[in-house]
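Everything below concerns the one structure shown next.
The values are calculated or read from the model by the stated rules, or taken from the named source; none is laboratory data. Only a predicted model underlies this, so the values are computations on that prediction, with no experimental measurement involved. So basically every Cβ, Gly included, is an ideal-geometry build from the backbone, and we count neighbours across all protein chains shown.
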Amino acid sequence: MKNIVLIGMPGAGKSTIGVLLAKSMLMDFVDTDLLIQKKFSDSLCGIIAERGVEEFLGIENDVICENDFQNCVVATGGSAVYGREAMEKLRANGTAVYLKLSPEELERRIDNIHTRGIAMNEGTTIAALYAERSPLYEKYADITVDCEGMTAEQCVDVIAKKVRA
C-alpha cells in the first residue's frame, strides 16, 4: 500500500491522528519532526532559534528527502509544504491528506506557540500563517479532510474510507 502523508497546520492533529491511523491501517508511523530532532539532537524550537526559519526549512526538506518511507503513515511538520522536493518525494509513493481546520480552532488548540517549534517569523500570527500555507496544503493534497468538530477517531475513519476508495 502507498504511504499516507498527513499535511496541515500545527495543531491540526497530524501526529495524534497519524498514530491512530497507522494502527487502524496496519502501517508503520513516522513523524518527520521527530526525525529532525533525532538527527540534530535538539528540539525544533532550539534548531529554529539557533539556525533561523529559512535554514530550518532547508533542513526539513533534506531530512524528508533522505528517508525512504515504505508502508507508513507519515506525519509531516506543518512547514513541510515549503519543500518542493520533499513534497514531490512524499507524493511519489504516497497519498497526501490535508487535515483542514479553521484558524480559530487552530488558535484554540495551540497554547504553546513560542515553545512548540513552529517555523514562523517573529510577530506572525496563526491566522497569517494559515493564509500563507493553506494554498500550499491545497496544492499538494490528494485528499482534504475537514476535521472541524470531529474527534481524532472520527478523522481516522474518514481518512481510512477515502484512502481505500
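Of all residues in segment 14-45, those that are out of contact with any strand residue (DSSP E or B) (no Cβ under 6 Å at 6 or more places or on another chain) and in contact (Cβ under 8 Å) with a residue 60 or more places away in the chain total 9.
Each row is one residue, and each column tells you yes or no for (1) of a type in the set (S, T, N, Q); (2) touching an Asp or Glu at 6+ places or on another chain (Cβ under 8 Å); (3) within 27 Å of residue 26 (Cβ to Cβ).
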| site | (1), (2), (3) |
| --- | --- |
| 79 | yes, yes, no |
| 131 | no, no, no |
| 136 | no, no, no |
| 140 | no, no, yes |
| 148 | no, yes, no |
| 152 | no, no, yes |
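So if I check each of 105, 148, which one is surrounded by fewer than 16 Cβ atoms within 10 Å (Cβ to Cβ) and not small (Gly, Ala, Ser)? Within the list 105, 148, the selection yields 148. Look at (1) closer than 20 Å to residue 147 by Cβ; (2) surrounded by fewer than 21 Cβ atoms within 10 Å (Cβ to Cβ); (3) not basic (Lys, Arg) and you find that residue 54 fails only one, number (1).
Quick grid of which residues meet (1) of a type in the set (Gly, Ala, Ser); (2) within 26 Å of residue 161 (Cα to Cα); (3) at pLDDT 95 or above:
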site	(1), (2), (3)
58	yes, no, yes
65	no, no, yes
73	no, yes, yes
76	no, yes, yes
98	no, yes, yes
105	no, yes, no
117	yes, no, no
122	no, no, no
127	yes, no, no
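Which residue, of 64, 118, is surrounded by 14 or more Cβ atoms within 10 Å (Cβ to Cβ) and more than 17 Å from residue 2 (Cβ to Cβ)? So the residue among 64, 118 that is surrounded by 14 or more Cβ atoms within 10 Å (Cβ to Cβ) and more than 17 Å from residue 2 (Cβ to Cβ) is 118. All conditions in (1) part of a helix (DSSP H, G or I); (2) free of Cβ contacts under 8 Å to residues at least 40 places away in the same chain hold for residue 153, with the sole exception of (2).
Residues satisfying the criterion are absent from segment 71-88 (criterion: crowded, with 16+ Cβ neighbours inside 10 Å, in contact (Cβ under 8 Å) with a residue 12 or more places away in the chain and of a type in the set (D, E, K, R)).
For segment 3-51, a residue qualifies if it is surrounded by 15 or more Cβ atoms within 10 Å (Cβ to Cβ), under 20 Å from residue 91 (Cα atoms) and of a type in the set (D, E, K, R), and the qualifying residues are 14, 31, 33.
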